[in-house]
Amino acid sequence: MQVAARLSALALALGAAFGTPFATAQTSTTAAEVARLLASPAFKTAAATLDKEHGRIVEDGIRLAEIPSPPLKEAVRAQAYEKMFREAGLADVKIDEEGNVLGIRKGARGDGKFVVVSAHMDTVFPAGTDVKVKREGTKLRGPGIGDDTMSLSVLLGFIRAMNAAHIKTRDDILFVGTVGEEGPGDLRGVRYLFTKGQYKDRIKSFFSVESGGVDSITNAGVGSKRYHITFNGPGGHSFGAFGLVNPMFALGQAASEFSRTKVPASPKTTYSIGLIGGGTSVNSIPVSAWMDVDMRSESLVELKRVEDRLLKVVQEAADGENFARSTKEGKITVEAKLIGDRPAGSTAVDSPFVQTAAAAVEAGGYKVAYRSSSTDSNMAMSLGIPALTIGRMGPDKGGRAHSLDEWIDVEKGPMVKAMTTCLSIILATTGVETDAR
């Protein structure tokens, strides 16, 4: 809170004209200008509105969380969210061809470009999962309640708060509920938004509001490659056809060899074999065996190196099995199918975009931490568009993400403080003009 106090004092020293129109430029916004925003009557009204509407934000989050939104099946939740966008007063509300929900809040001096403020609608949980939210005091438990359903509700709260305060952003804001952020989705929502959607060449910056603490700024996107590797062979009886090539042996050899791949600690690079399967019975030589492989890195170069090694290793394993055993009924073949491709990227810590966000976090009384992760922001970062994934909770106010007992703490004081800080990040980097009424 000392930081916030110092910033407020500095803002007061700049003058007392906070009720007049002002704009903050992305390339020059400083901690003093952030403090000026926070001290303005309009922002104070927006903050008070978030406080007043805390209960509604929580209830909207529960309502959305109890609408199942499995991977690749977000349509029912999207329809509900589209209606909520309309009720919040956004313009040009629609569901695009990929399933994203879009709505525009017009700025005062829009240049035809948009600042995107988004949260993702999908969860990791399959169809049929019990998504009923349970209350335990100020804690809410339920699959997907934190990641990322409550963020959808918080975005609605931001829209209503800005409207109540008559805040006019400099730029037009495109609010988006995205599909396909989680694993199987492979960022299909933002991939469409940036490459095929109607606004694809008109996005100037991007925010993804996520379940983490507002003190954490994700400015680096971890890239990933995921493969479904299948070894195929002729198969046969485990006793009568003994000696024929065996896809499972090839898979085992490939997995063992790949496990010895050396990767750097920095830039952090990882790999894993998450799933394996195949075969028909214990007394049969399999006709196929498969494994799913996940590779990640903060560096596109290192990610490509691990990917190349995987593809080399699986082919060598097939060749080795064909050399070691009989191919009279057919050879082992291998198919490597790319099932996930998330681009890497980053927004420089020393850029005005990130430094403005950091100043807003510090002005809120938090200590900034920078993170790398795999989120919707990856797509924007990979295209060189300034992007950040920002939290909307207080530190340590959630846990057990991607589990059935996922939880968040919606205690009013910490939650309102965090939401207010999150909103200040968006407004400070976007630029605002306040209506002095």
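The values are calculated or read from the model by the stated rules, or taken from the named source; none is laboratory data. Just so we're clear, the structure is a prediction, and the values are computed from it rather than from any experiment. Using ideal geometry, Cβ is built from the backbone for each residue, glycine included, and neighbour counts are taken over all protein chains shown. Side chains included, ligands, DNA and RNA excluded: accessible areas come from the protein's heavy atoms. Shrake-Rupley method; radii C 1.70, N 1.55, O 1.52, S 1.80 Å.
Numbers for the structure displayed
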item	result
Cα-derived Rg to Rh of segment 109-181, Kirkwood definition	1.09
In Å, descending, principal axis extents of the Cα set of segment 287-350	63, 18, 10
Most mobile of 283, 100, 378 in a GNM of the chain (Cα contacts under 10 Å)	283
Pairwise Cα inverse-distance average, inverted: Kirkwood Rh of the chain (Å)	23.4 Å
Flagged links, alpha-carbon separation over 26 Å, of 113/225; 262/397; 168/417; 134/397; 106/134	113/225; 262/397; 106/134
For segment 148-189 versus segment 27-84, the gap between their alpha-carbon centres in whole angstrom	7 Å
Choice from 293, 282, 209 with maximal GNM fluctuation in the chain (Cα, 10 Å cutoff)	282
The chain, accessible surface, carbon-and-sulfur percent (1.4 angstrom probe)	54 percent
Probe 1.4 Å - accessible area at residue 201, Å² to nearest ten	100 Å²
206, 249, ranked by accessible area, largest first (probe 1.4 Å)	249, 206
Heavy-atom SASA rank of 190, 124 (probe 1.4 Å, accessible area, largest first)	124, 190
Tail weight of P(r) past 17 Å, computed on alpha-carbon pairs of segment 239-356, percent	62 percent
Rounded accessible area of residue 404 (nearest 10 Å², 1.4 Å probe)	120 Å²
GNM flexibility winner over the chain from 138, 420, 123 (Cα, springs under 10 Å)	138
Mean Cβ neighbour count within 10 Å, used as a protection proxy, ranking 321-329, 169-177 highest first	169-177, 321-329
57, 339, ranked by accessible area, largest first (probe 1.4 Å)	339, 57
Over 23 Å [Cα-Cα, segment 23-136], rounded percent	48 percent
Evaluated at q = 0.16, 0.18 Å⁻¹: base-10 log I(q)/I(0), Debye formula over Cα of segment 106-254	-1.02, -1.18
Where only alpha carbons of segment 221-301 are counted, the Rg and the Dmax (Å)	16.0, 52
Value of Rg/Rh across segment 317-426 [Cα atoms, Kirkwood radius]	1.28
3J(HN,Hα) from dihedral phi, segment 241-251, Karplus parametrisation 6.51/-1.76/1.60, rounded to Hz, x for glycine, proline	9, 3, x, 6, 4, 10, x, 5, 5, 5, 4
FRET efficiency estimate (nearest 0.05) - Cβ-Cβ, residue 87 to residue 276, R0 45 angstrom	0.40
Per-peptide average of other Cβ atoms within 10 Å, ordering 270-281, 44-55 highest first	44-55, 270-281
Percent RCO, i.e. relative contact order, over the chain, from Cα pairs under 8 Å lying at least 6 residues apart	25 percent
Residues with amide H under 5 Å from that of residue 392, placed H, sequence gap 5 or more	210, 212, 214
Nearest-ten-degree value, helix 2-14 long axis tilted from longest Cα axis of the chain	50 degrees
Kirkwood Rh and Cα Rg combined as Rg over Rh, evaluated for segment 205-261	1.35
Of 91, 255, 356, farthest towards positive along the dipole that unit charges on Lys, Arg, Asp, Glu beta carbons give the chain	356
